[in-house]
Amino acid sequence: MSYLINSYSPTAELPKTDQFKTFTSFNIDQPLDSFVSITFRTEDEFGGLNSRIFETVSKIAELTNNWDEEGSPAPSPDNIQFAKAIALFMSAFGQEIYNVAPGPHGEILIDFRSQSKSLEILLYNDKMRYVKLPDVGTPEQGKFTIDLLYTDLIAWLNS
């Protein structure tokens, strides 16, 4: 039985075209040898549901330190890639992202909205957080992981 371990192969061969984009993002909650790799089939890199978000993330990637003239650091390349991966992931599921913005500590804010709720994901250089803002009641925040995004957070937002 040991010959079955680590002997996985794809069930179909991927076409040898540029229609698949791969973004690899490091999970900052894990050791550096751990990463998340997601492959999406896209029309083009900036097309689709969240095309405005991709354009904004590209502009955020061009920021340099002191971009706000108050000493704020530029977001890290890992955070830029992770923001792109989240945008692609949400586009694949048909979930629109309301806005994305850089923050004063080098973080990237990803903002989702529904009719009466809001969800914010904050990608810092050393941690990731989420904030649920309900229509009534107290906001809730916690440690963000990519698996929470589609199993809990987006389900909560759209309920």
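How charged is the neighbourhood of Ser76? Take every other residue with its Cβ under 11 Å from the Cβ of Ser76, and add Lys/Arg as +1 and Asp/Glu as -1.
Values: positive: none; negative: Asp78, Glu107, Asp126.
So the surrounding residues net to -3.
Can you sort Glu62, Glu69, Glu107 so the residue with the fewest Cβ neighbours within 10 Å comes first?
Going from sparsest to densest Cβ surroundings: Glu69, Glu62, Glu107.
Among Asp111, Asp126, which comes first, then next, by fewest other beta-carbon atoms within 10 Å?
Asp126, Asp111
If Lys and Arg each add +1 and Asp and Glu each add -1, what is the summed charge of the other residues whose beta carbon sits under 15 Å from the beta carbon of Lys117? Can you show the working numbers first?
On the way: positive: Arg113, Lys132; negative: Glu96, Asp111, Glu120, Asp135, Glu140, Asp152.
My count for the surroundings of Lys117 gives -4.
Fewest first, what order do Ile154, Ile53 take by the number of other Cβ atoms within 10 Å?
Ile154, Ile53
The numbers here are math on the coordinates, done by the rules we state, and not lab data. Quantities reported herein were computed from a predicted structural model and do not represent experimental measurements. Here Cβ is always computed from backbone atoms with ideal geometry, including for glycine, and neighbour counts include all displayed protein chains.
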